[in-house]
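This report refers to the structure that appears directly beneath it.
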């Protein structure tokens, strides 16, 4: 099979830039690639150009991100209020070195950097998932002294062989989920969804993409049966609907709310956006436990950790001049991958931050929801996202993950151990692209994978 760029395909790719240029003024050009230092700090460096005052603010936010929270009351009231129910002690626990999490290999292993979403069929008052009456919307395995943790989740792996057109076989795995030690009664017919923590570099640029850009991308006619839609979610700060962009189903409208949601969901830390402890009516010991203030994470602290994450530099590109990488980039477009994993987005104006304003950048996502087929479906709706839809995962940083994390996994549940496995799980709107990959020869596939490793 020969993959020659067609005029129509190249025309569609060229139209990407024209579409974005229509919505922004004088977009900045792509920065020239500089030699990247690939070490365990590669996702922890700030955007260049911070002032001395901003560098200090960046460090304060970084300290909060790395801080282990403690049970209230404590001598250090700035970091007390853990729980009463929680999963981890610190943000960095799930995002080691700001990198990606992974799934446990055996049922008896604990989930170190992933979690389980829970809900019942139906919607809450804001149109989101309906929490379980006893367990809420997330399984919290841990509890402070006197408060029983909610239970344990266990992954069981199943395997199958995928065969490519040239006879190559690839072993794919997928998980099933079970629970034990449930402290608050049976789960019953509960919708569940496994979620692996993503890396956190470059989030400020994604946050700065304007809503009208995302709406235009959703409205654009696309090839190969690809559609793409925005999720419409609830903005806690304004009390109004907003376009979602963060979370694996784009269920958070902005970076600040995403951070606050993780604090209360993962660590039981309240904030100005989520002021209620994560206790249900059935969890009386949780409701009676001491707290670390109202809220436990102050508005200033939330602002500082938001500043830190917004100003983390995006993952550096490497080896882009390599002939094999260039060839792989052409295959990436020709196979149809770039239809959803967009090679260019442009940010809007960010008040007081020229580093994030009007920037052309390459996250390889459109931030839209796409139907990924039945094999990746979790069956759990989230606002307008149905049980088969997922946000297009940004691909930047894919090639540096091995330098950062021992445990890592791709796709929402960490099932894919390699980029090739992730490709072979694609279905639904990505089915045509997946079939093209299967038919490609070994050299073409190797080039495509080399390109992905350069991101």
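General remarks:
- For the stretch 271-304, a tally of residues being in contact with a helix residue (DSSP H, G or I) (Cβ under 6 Å, 6 or more places away or on another chain), within 30 Å of residue 56 (Cα to Cα) and part of a loop (DSSP other than H, G, I, E, B) returns 5.
- Within the option set 301, 294, being over 18 Å from residue 397 (Cα atoms) and either buried (at least 21 other Cβ atoms within 10 Å of the Cβ) or touching a residue at least 60 places away in the same chain (Cβ under 8 Å) (or both) holds for one residue only, 301.
- Any helices (runs of 4 or more DSSP H) falling wholly within the stretch 368-455 and containing at least 1 residues that are surrounded by fewer than 23 Cβ atoms within 10 Å (Cβ to Cβ), free of Cβ contacts under 8 Å to residues at least 12 places away in the same chain and in contact with a helix residue (DSSP H, G or I) (Cβ under 9 Å, 6 or more places away or on another chain): 431-439, 442-453
- Scanning the stretch 78-99 for residues that are touching a strand residue (DSSP E or B) at 6+ places or on another chain (Cβ under 9 Å) and in a helix (DSSP H, G or I) gives 79, 94, 98.
- Put simply, of 107, 84 the only residue that is in contact (Cβ under 8 Å) with a residue 12 or more places away in the chain and touching a helix residue (DSSP H, G or I) at 6+ places or on another chain (Cβ under 7 Å) is 84.
- Test: residue in the stretch 163-174 that is in contact with a strand residue (DSSP E or B) (Cβ under 8 Å, 6 or more places away or on another chain), surrounded by fewer than 19 Cβ atoms within 10 Å (Cβ to Cβ) and in a loop (DSSP other than H, G, I, E, B): yes
- Tally of residues being assigned to a loop (DSSP other than H, G, I, E, B) and under 17 Å from residue 198 (Cβ atoms) across the stretch 226-252: 8
- Members of the stretch 310-338 that are under 22 Å from the mean Cα position of the chain (by Cα), assigned to a helix (DSSP H, G or I) and closer than 17 Å to residue 361 by Cα: 310, 338
- Pair list, Cβ under 6 Å, 6 or more apart: the stretch 29-55 residue more than 23 Å from residue 347 (Cα to Cα), other residue modelled with pLDDT of 90 or more: 36/316; 36/318; 38/400; 40/97
- Checking residue 75 against (1) in a strand (DSSP E or B); (2) at negative phi; (3) free of Cβ contacts under 8 Å to residues at least 60 places away in the same chain, the condition it does not meet: (1)
- Inside the stretch 199-229, residues that are out of contact with any strand residue (DSSP E or B) (no Cβ under 8 Å at 6 or more places or on another chain) and either crowded, with 20+ Cβ neighbours inside 10 Å or without any contact (Cβ under 8 Å) to a residue 40 or more places away in the chain (or both) make up a count of 5.
The values are calculated or read from the model by the stated rules, or taken from the named source; none is laboratory data. What you are looking at is a predicted structure, and each value in this text was computed from that prediction instead of being measured. When we count neighbours, we look across all protein chains shown, and the Cβ atoms used for this are built from the backbone with ideal geometry, even at glycine.
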